[in-house]
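Encoded as structure tokens, here's the structure I'll be asking about.
Derivation of every value follows stated rules applied to the coordinates shown; laboratory data play no part. Note that the coordinates shown come from a computational prediction; the quantities given were computed from them, not determined experimentally. Cβ: placed from backbone, ideal geometry, glycine included. Neighbour counts: every protein chain shown.
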Amino acid sequence: MAAPQLRHLRDVSHGRPPSRLRLLAPLRYLLIKHPEKFKYDVLFPFIVALLVWAGYWIVNPKPALFGEEGLLRFARDLLVMAVPFMVGSLAAVAMGAPGPYLDKRPMGSDLRLEGRNLNMRQFICYLLGYLCFLGLLTLAAVVATQLLHDTVKHWTEAFPITVLVTKLVGTLALSLMLSLLTVTVFWSLYFLTDVVNRPD
């Protein structure tokens, strides 16, 4: 049964022309339609990111970003533990045996993607896939920032305005990525603890 499916792996397009980038497939989570999703996908993460970013620049003295006691080290250590756990959770849900809970449609408003309703398993797979994508992207950004810190500092130290802009943009990007990840984790905790277990 698996061989015919594998032969068509080149055309993983769900009815559309095969031009979609496969490595960006987890971002299809953002296309799922639900009355509350916009708040948790966009609105709340951006508000939290702006508040955290503004708070960082208001606080004096500011917490260190680099070094053994820096925020980036703690973020990296947390992500190194969290990302494999999320990938394992995705595998467990995606490959789990059919059951009366995971393969039913959630109560309340429908979760729709490209005109079709999703069941619990499909939505949770998209949700966990999106979380894995965010986690890997944030981890890569944090590690790259740490590795390139001295190089970027050397390039920009002769231009004070460039140093300031780099710090402003970098801390805003970090705040946004961590906020997207954190809010989505809390949204998934709500969904997996409350919505999934609601009685019919």
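Does region 46-94 come out rounded, prolate or oblate, given a ≥ b ≥ c as the square roots of the eigenvalues of its C-alpha gyration tensor, rounded meaning a/c under 1.5 and, failing that, prolate meaning a/b above b/c?
Working: a/c = 6.81, a/b = 1.86, b/c = 3.67.
In terms of gyration-tensor shape, oblate.
What is the order of Phe44, Phe159, fewest Cβ neighbours within 10 Å to most? Walk me through the intermediate numbers first.
Details: Phe44 18, Phe159 11.
Least to most surrounded, the residues fall as Phe159, Phe44.
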